[in-house]
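The values are calculated or read from the model by the stated rules, or taken from the named source; none is laboratory data. Bear in mind the structure is a predicted one, so any value in this text is a computation, not a measurement. Note that each Cβ is placed from the backbone with ideal geometry, even for glycine, and that neighbours are counted across all protein chains shown.
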Amino acid sequence: MYRIFFLLLVGVLQTGENLNGKELIPVTASVEFPVSTVTEKGAWCWFADPRALHYENENGSINSTYLGYIDVHGYIKATQIDHLSNRTNEVMIRSCFQPDDHNNPTFLVLPDERIMIFYSRHTDEPCFYYRVSRIPGDITTLGEEQTLDTGHNTTYPSPFILNDDPDHIYLCWRGIGWHPTVARLTVPDKNDQVAFDWGPFQILRSMQGAGGVRPYAKYASNGKDKIYLAYTTTHPDNMTENWIYLNYLDINTRSLKDIKGNLLSVIGEKQLHEVNISGYKDHHPYAVVDDTPLRNWIWELTLDRDENPVMATVSISHDKLSHDYYLIRWTGNGWQKTFLSNAGGHFHQSPDIEKCYSGGMTIDKNNPQIIYGSVPVDGKQGKVYELKQFSIGSNGTISEELLTSDSSKNNVRPFSIAGKASESGLIWMQGDYYDWIVSAQRPLGYPTAIKTNMLLPKGEVDLCKGLIYTNRNLKVSATNKIKIAFPEAKAFTIALTLSPDTTDFQGDIISFAGITYTIPKGEEATPHLKRGSKSYISSNIPGNSDRWQEKARSTNGEWYGPARLTTFKLVFSYEQGVLRTYINGLMDQSVEISDLHLTNIEAGGIKGTIDDVKIFHRSLSQDEIKTL
């Protein structure tokens, strides 16, 4: 098993009570900070979590890390790092989605250890989407996409399962009236169906302004009976004075309380708890975290070992040009606010929008005295946002350590993965950033990669091993099919390049081992794997959302038709009773089909061409398939 490194400084890992010190002590990195690429195309916002998690069960049969993101082509994707098999797989959760970085997926481990993945469009559709793995701990076996209707718009799913009620899912999001919303769901049944059995309910109401008041919330759970939420009055763009509050929801009494346990409201009853800057702190002093008269925002909320809330926040000047990072922690008697660093201004290349977008922060889940922040640094490439580690010592002093340096692109929006210290890590976005949505105004959107300090496993890549057929000049079409006969193979890989007629994208593409891969008629048609009367249907359209590059910048609820792929690599891999399909290196379908034996292939049946066919007498790894 490979090791994953954290850069921890000796002498600053003690849990201290005095966090008021502002002295900055620069520290030179004494350990190399490894950087690996999870994907070249991926991004996220920072309000839907967990966007990544680590799960290891007691009997040792599951030990994996899951990372989720969305790219500018509208592909919602996830990478699973299986630490037992030392293998990494990247899965296509959904194609042709709204290309908006608010739509990154979030993960939940169910009581039966299956992995549930939630995602939704940004504000403009009254439903969530979700998929559930068929096999515990293995997202390469995702079931069909399901829909959960909410009756109102949805953004930022944050799911929890708590020990006091292990038979239900508590889902929090920005929903009713653009406010923090909660509901209780049944766990998925054998058909992956869930239902609301309590809620959805709006948790509170912000009374500042009219129209466009949007409290932004981050959530954390004690794992037993409480869900904590830290939230703002509204978006910091909208108010020069934007406060931060903290409450918690007791799931047993369904009551909303302040940090001292004072009752604020009962969720589901008619009277909502109302937040209003004017006079509010006089009546609810223990519900207010930060009333500094600046544009405050929240980056993360977590709990320390004593269940004290700890949060990473940013205070933004009235003109939005200067951002300051803070750590705020509940001591048992009050809120302790510690200055960490100036963070420059907005990090992205578009000067006229989103000036409250900081580089970003995350709190080390294993030690909340350690914070990772993205700050501008002068280097060989000019001023670039780099990652720094801020460590708060027992005497209140702060030490800094530069983790990345001389980067050619910005390093932003870091996230610390919860899990065992030896098997968790840091992930972040690296690259250019122009807008949170792809549109005609800014068609490049958010072309970032996902990086990590984890050492990702890399399998052997040998594309000569097991190769039994190759033909680069093969051309087939709807009327020109070919047949290829082979000795029987119980494990195999078939790879081909498909260039379909995008105006008539339908028909049988290839048949092998009693399986036919076909695309039915219709713009929204998804591929089928057919075996006799049985069809295994993909959840993904063989296309992307590049048509958004021609549309206005908005969250208007429109679904634009997919842009069909003009050429793509299609791969089928079979081993030990599992047939997998890959589109351009992303795993699409994983189907359990026993006793497949490759003896012959018939290619053709769709308008267009198929060429560059390769056949292997073994199952290729995804690393090898991506190399193809």
Criterion (in a helix (DSSP H, G or I), of a type in the set (D, E, K, R) and either crowded, with 22+ Cβ neighbours inside 10 Å or not assigned by TED's automatic domain parsing to the domain that holds residue 442 (or both)) met by exactly one of 595, 612, 623, 588
623
From the set of residues in the range 177-198 that are hydrophobic (A, V, I, L, M, F, W, C), more than 16 Å from residue 127 (Cβ to Cβ) and within 23 Å of the chain's Cα centre (by Cα), which is surrounded by the fewest Cβ atoms within 10 Å (Cβ to Cβ)?
187
Would the range 45-64 turn up any residue that is within 10 Å of the chain's Cα centre (by Cα) and over 25 Å from residue 364 (Cβ atoms)?
no
Criterion first (touching a residue at least 12 places away in the same chain (Cβ under 8 Å), over 16 Å from residue 323 (Cβ atoms) and part of a loop (DSSP other than H, G, I, E, B)) does residue 435 satisfy it?
yes
Take the residues in the range 258-286 that are among the hydroxyl-bearing types (Ser, Thr, Tyr) and surrounded by 12 or more Cβ atoms within 10 Å (Cβ to Cβ), then tell me which one is farthest from the chain's Cα centre (by Cα).
280
Taking only the range 447-488 into account, find how many residues are within 26 Å of residue 595 (Cα to Cα), small (Gly, Ala, Ser) and at pLDDT below 85.
1
When the range 368-399 is examined, which residues are found to be touching a Pro at 6+ places or on another chain (Cβ under 7 Å) and surrounded by fewer than 18 Cβ atoms within 10 Å (Cβ to Cβ)?
383
Hits in the range 275-320 - residues which are assigned to a strand (DSSP E or B) and of a type in the set (A, V, I, L, M):
275, 288, 289, 298, 301, 303, 310, 311, 312, 314, 316
For the range 124-151, name all the residues that are within 11 Å of residue 175 (Cβ to Cβ), part of a loop (DSSP other than H, G, I, E, B) and at pLDDT 95 or above.
126, 150
The lone condition residue 270 fails out of (1) assigned to a strand (DSSP E or B); (2) over 30 Å from residue 354 (Cα atoms) is (1)
Which is free of Cβ contacts under 8 Å to residues at least 40 places away in the same chain and either in contact with a Pro (Cβ under 6 Å, 6 or more places away or on another chain) or within 30 Å of residue 279 (Cα to Cα) (or both), of 234, 240?
234
Of the conditions (1) β-branched (Val, Ile, Thr); (2) surrounded by 22 or more Cβ atoms within 10 Å (Cβ to Cβ); (3) over 20 Å from residue 232 (Cβ atoms), residue 331 fails just one. Which one is it?
(2)
Can you spot a residue in the range 212-223 that is more than 24 Å from the chain's Cα centre (by Cα) and in contact (Cβ under 8 Å) with a residue 60 or more places away in the chain?
no
Out of curiosity, is residue 294 surrounded by 17 or more Cβ atoms within 10 Å (Cβ to Cβ), touching a Ser or Thr at 6+ places or on another chain (Cβ under 8 Å), free of Cβ contacts under 8 Å to residues at least 60 places away in the same chain and assigned by TED's automatic domain parsing to the domain that holds residue 164?
yes
Considering only the range 45-84, state which residues are among the basic types (Lys, Arg) and not in a loop (DSSP other than H, G, I, E, B).
77
Name the pairs whose Cβ atoms lie under 6 Å apart, with the first residue in the range 511-527 and assigned by TED's automatic domain parsing to the domain that holds residue 144, the second surrounded by fewer than 19 Cβ atoms within 10 Å (Cβ to Cβ) and part of a strand (DSSP E or B), and 6 or more positions between them or separate chains?
none
Show the residue pairs that are 6+ apart or on different chains and have beta-carbon atoms under 8 Å apart, the first residue being within the range 38-60 and of a type in the set (S, T, N, Q), the second being surrounded by fewer than 17 Cβ atoms within 10 Å (Cβ to Cβ).
57/113
Out of curiosity, is residue 566 assigned to a loop (DSSP other than H, G, I, E, B), over 20 Å from residue 469 (Cα atoms) and in contact with a helix residue (DSSP H, G or I) (Cβ under 9 Å, 6 or more places away or on another chain)?
no
Do you know which residues across the range 504-551 are aliphatic (A, V, I, L, M) and over 30 Å from residue 436 (Cα atoms)?
509, 510, 513, 515, 519, 529, 537
